[in-house]
Amino acid sequence: MSSAPQAKTPATRSIEGKETPVLLTPGPLTTSARVKEAMLRDWGSRDPAFVALSQGVFDRIRALSGGTAEDHVCVPLQGSGTFAVEAMLTTFVGAGERVLLLVNGAYGHRMADICRKSGRAVEIYEVAETEVHDPAEVSRRLRLDPAIAFVAMVHCETTSGLLNPLEDIASCVRAEGRWLLVDSMSGFGALSVDMSGLELAAMAASSNKCLQGVPGLGFVVCRKELLEAARGRAPSVVLDLQAQAAALANGGQWRFTPPTHVIAALDAALAELEEEGGPPARLERYSQNLATLLSGMDRLGFQPALDPARQAPVIASFVEPADDWFSFETFYEALRARGFAIYAGKMTGRGTFRVGVIGAIDSLTIEAFLTATKAVVSEMKQKVIS
Ligand SMILES: *Cc1c(COP(=O)(O)O)cnc(C)c1O
């Protein structure tokens, strides 16, 4: 028999004979073959070639965030994204200072937990998971309490997929003379973050979301002068951004074992981002993925949990059908058997499930997912009738 290469749907990609699913999740997510292949060699952590590789990666991330070499630095941190968020909050917010947290989902609550556990005084301004904060109310609270030195917010609230108004909040925080700390974990690499233009104090993100690398590295891009002022503030050795940055600035050596393969993969992922046309081009691709997903899911009878005007092109939450035929476990397993991994919901109050539109996927992948979903839905409905 001839062995002409078979056209493969994205869902049946196989790598060295191992079937690999399409991850429609907010990270880890589907990475390209080139990113995976970048992990096929070993690096000595103190090897000058690795030091140069990692420095190049952090300089490019700093530039992508709109930071300048003079005023900003990208400080990498071993671990997942939350490690970077905790390092950011506890390095910058001093023990005697207060932080105003803008909460409208689980990642905002997580920042509150970090502050409480580390003894940072917090004030919480919480709105519903489907709503955004009012900048006028942020200004009012800042005027009432001069002890609030920092405001912290989540850029895209991955709990629901909601886009928070970063520019509006940044301008009111700046007008009141305070500093803004941003968790842009699920946005950075696609959504615009301009450290200089918005005069942000710091922004935390990770390797495995819109940068389309593999998990294992968090980072914080921040203002050098604030990092210097924060010397000795962090209550933790490993999560001390100032100490981490100081060691790296002194010869490029990491204090503790770096995730070498993750950084090599991130180097390849950044090259892909540049070739794609940078964050605006990536945002455009994700926006097309989202539009395809929302219209296709609407045709299949699924309701989005958010007002589409508040939806970031990152991950979408759908309301679980209340009908007898639906069970998330069965739905998940049947889609997984067809090569697609979706994500459980995280919104409080009502049942939802999530579908990510980020990663090395395009609207053809989403079309294939919709075809699979259509088949799964009719199969599940059939079971209830028979
Ligand atoms: C993914 C994510 C994080 C970090 O989560 P980890 O599981 O620690 O990587 C933090 N904030 C937001 C908004 C996220 O989407």
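The values are calculated or read from the model by the stated rules, or taken from the named source; none is laboratory data. In this text the structure is predicted, and so the values were computed from the model without any measurement. Positions of Cβ are generated from backbone atoms using ideal geometry, with glycine treated the same way; all protein chains shown enter the neighbour counts. To get the accessible areas, we keep the full protein, side chains included, count just its heavy atoms, and leave off ligands, DNA and RNA. Shrake-Rupley method; radii C 1.70, N 1.55, O 1.52, S 1.80 Å.
Among the conditions (1) within 30 Å of residue 117 (Cα to Cα); (2) more than 16 Å from the ligand (Cβ to nearest atom), the only one that residue 288 does not satisfy is (1).
Pairs only if they're at least six apart or on different chains, beta carbon under 6 angstrom, first in region 175-200 and more than 25 Å from residue 275 (Cβ to Cβ), second charged (D, E, K, R) and outside any loop (DSSP other than H, G, I, E, B); list them, first residue then second. Going by the 6 Å Cβ cut-off, the qualifying pairs are 199/174.
A search for C-beta distances below 6 Å between a residue of region 110-137 that is in contact (Cβ under 8 Å) with a residue 40 or more places away in the chain and any residue that is surrounded by fewer than 18 Cβ atoms within 10 Å (Cβ to Cβ), counting only pairs 6+ apart in sequence or on different chains, returns 118/235; 132/165. Of the residues making up region 290-311, at least one is surrounded by 21 or more Cβ atoms within 10 Å (Cβ to Cβ), out of contact with any Pro (no Cβ under 7 Å at 6 or more places or on another chain) and in a helix (DSSP H, G or I).
Scan region 51-68 and tell me whether some residue there is within 15 Å of the ligand (Cβ to nearest atom), in the same structural domain as residue 230 (by TED's automatic domain parsing) and closer than 27 Å to residue 256 by Cβ. Walk me through how you get there before you give the answer.
Applying the first criterion (within 15 Å of the ligand (Cβ to nearest atom)) to region 51-68 yields none.
Taking every residue of region 51-68 in turn, none turns out to be within 15 Å of the ligand (Cβ to nearest atom), in the same structural domain as residue 230 (by TED's automatic domain parsing) and closer than 27 Å to residue 256 by Cβ.
If the condition is being open to solvent by less than 10 Å² (accessible area, probe 1.4 Å), more than 21 Å from residue 208 (Cα to Cα) and within 18 Å of the chain's Cα centre (by Cα), then region 90-110 contributes 102, 103, 104. Going by the structure shown, is residue 170 outside the structural domain of residue 316 (by TED's automatic domain parsing), surrounded by fewer than 23 Cβ atoms within 10 Å (Cβ to Cβ), free of Cβ contacts under 8 Å to residues at least 60 places away in the same chain and under 22 Å from residue 219 (Cα atoms)? Yes; evaluated as a whole, the condition is true for this residue. Taken together, the residues in region 26-43 that are buried (at least 20 other Cβ atoms within 10 Å of the Cβ) and within 16 Å of the ligand (Cβ to nearest atom) amount to 5. The C-beta contact set for region 291-305 (first residue within 19 Å of residue 130 (Cα to Cα), second residue of a type in the set (Val, Ile, Thr) and assigned to a loop (DSSP other than H, G, I, E, B), distance under 9 angstrom, 6+ apart or interchain) comprises 305/130. Candidates are the residues of region 313-362 that are among the aliphatic types (A, V, I, L, M), part of a loop (DSSP other than H, G, I, E, B) and under 23 Å from the mean Cα position of the chain (by Cα); the one that is surrounded by the fewest Cβ atoms within 10 Å (Cβ to Cβ) is 360.
Picking from residues in region 363-386 that are more than 20 Å from residue 285 (Cα to Cα) and in contact with a Leu (Cβ under 9 Å, 6 or more places away or on another chain), the one that is surrounded by the fewest Cβ atoms within 10 Å (Cβ to Cβ) is 374.
Among the residues making up region 208-229, those that are over 25 Å from residue 27 (Cα atoms) and surrounded by fewer than 22 Cβ atoms within 10 Å (Cβ to Cβ) are 223, 224, 225, 226, 228, 229.
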